[in-house]
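These notes concern the structure reproduced below.
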Amino acid sequence: MFDLIAENIEDYCKVHTSDPDVLLYQLWRETHLKTMNPRMASGKLQGMFLTFIAKMMQPQKVLEIGTFTGYSTLSFAAGMPASGHIDTIESNAELEDFILKYFQHSPCPENITLHIGNALNIIPQLAASDYDLAFIDADKEEYAACYELILPKMRKGGIILADNVLWNTKVVEEVAHNDKDTKAIVAFNKKVQIDPRVRNMLLPFRDGMMLIEKL
Ligand SMILES: C[S@@+](CC[C@H](N)C(=O)[O-])C[C@H]1O[C@@H](n2cnc3c(N)ncnc32)[C@H](O)[C@@H]1O
């Protein structure tokens, strides 16, 4: 993950952002102690952004692709109504115990379902077809395929967020012929931009967040 803004500006933003609850702080700490790539977790600023999105939208149904250790999931949960539900999908089965430990200590564990497996197989099996909010934050080469599976499952007016769409600013540089991730993100951004089914905005926040409304 790469930050578009200078480190001192990001630090200033963090200082002037409310702290997440203790559970999220513990999750963040344990993620750094026990995982190989802790920077994949949303963290304080993006987590609070997701909480505010959930507070503003009050979604009943949220679909997340790429749980990792659950920081973004619990950030959404912190802003959702008590009647809301999150389906979150993670392909790495080794993370299951870690994730469930934190979900079980969250205020409404029954409101979160963790699906372990490849999102491309799991999304078509999900019963819901009227998600209010979705978050794509998994394998970059699979963004476009996930998007195609998710869009029909969104309600009209529903919002899809896709993270890392500036991909360390590589999207505006010459792409190496073997750089599959950057090629995939560039293709995804282009696909969304010309898709008549949606309205979109590329927000230059953190590593770039595409906001997509289903029309
Ligand atoms: C960037 S991390 C997610 C971070 C998390 N959303 C957060 O903000 O804290 C990406 C995660 O997606 C998972 N992943 C990658 N491809 C996937 C797929 N096809 N289906 C489900 N999960 C996938 C990876 O194992 C990894 O844990």
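Every residue, every condition in (1) free of Cβ contacts under 8 Å to residues at least 60 places away in the same chain; (2) under 15 Å from the mean Cα position of the chain (by Cα), yes or no:
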{"position": "A77", "(1), (2)": "yes, yes"}
{"position": "A93", "(1), (2)": "yes, no"}
{"position": "F98", "(1), (2)": "no, no"}
{"position": "G117", "(1), (2)": "yes, no"}
{"position": "Q125", "(1), (2)": "yes, no"}
{"position": "F135", "(1), (2)": "no, yes"}
{"position": "E141", "(1), (2)": "yes, no"}
{"position": "A144", "(1), (2)": "yes, yes"}
{"position": "I159", "(1), (2)": "no, yes"}
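Being more than 10 Å from the ligand (Cβ to nearest atom) and touching a helix residue (DSSP H, G or I) at 6+ places or on another chain (Cβ under 7 Å) is true for just one of K61, K55. Which residue is that?
Selected residue: K55, the only one of K61, K55 that is more than 10 Å from the ligand (Cβ to nearest atom) and touching a helix residue (DSSP H, G or I) at 6+ places or on another chain (Cβ under 7 Å).
Only one of (1) closer than 12 Å to I65 by Cβ; (2) assigned to a helix (DSSP H, G or I); (3) within 11 Å of the ligand (Cβ to nearest atom) fails for I150. Which number is that?
(3)
Looking only at residues in the stretch 79-97 that are of a type in the set (S, T, N, Q) and more than 6 Å from the ligand (Cβ to nearest atom), which one is farthest from A162 (Cα to Cα)?
Checked the stretch 79-97; the qualifying residue farthest from A162 (Cα to Cα) is S83.
Mind listing whichever residues of the stretch 68-78 are near the ligand (Cβ under 6 Å from one of its atoms) and not in a helix (DSSP H, G or I)?
Correct list: F68 only.
Tell me which residues, restricted to the stretch 111-147, are among the small types (G, A, S), part of a loop (DSSP other than H, G, I, E, B) and either more than 9 Å from the ligand (Cβ to nearest atom) or crowded, with 19+ Cβ neighbours inside 10 Å (or both).
The answer is A127, A128, S129, A138.
No value in this document is a laboratory result; all are computed from the given coordinates. Source: prediction; values computed, not measured. Cβ: placed from backbone, ideal geometry, glycine included. Neighbour counts: every protein chain shown.
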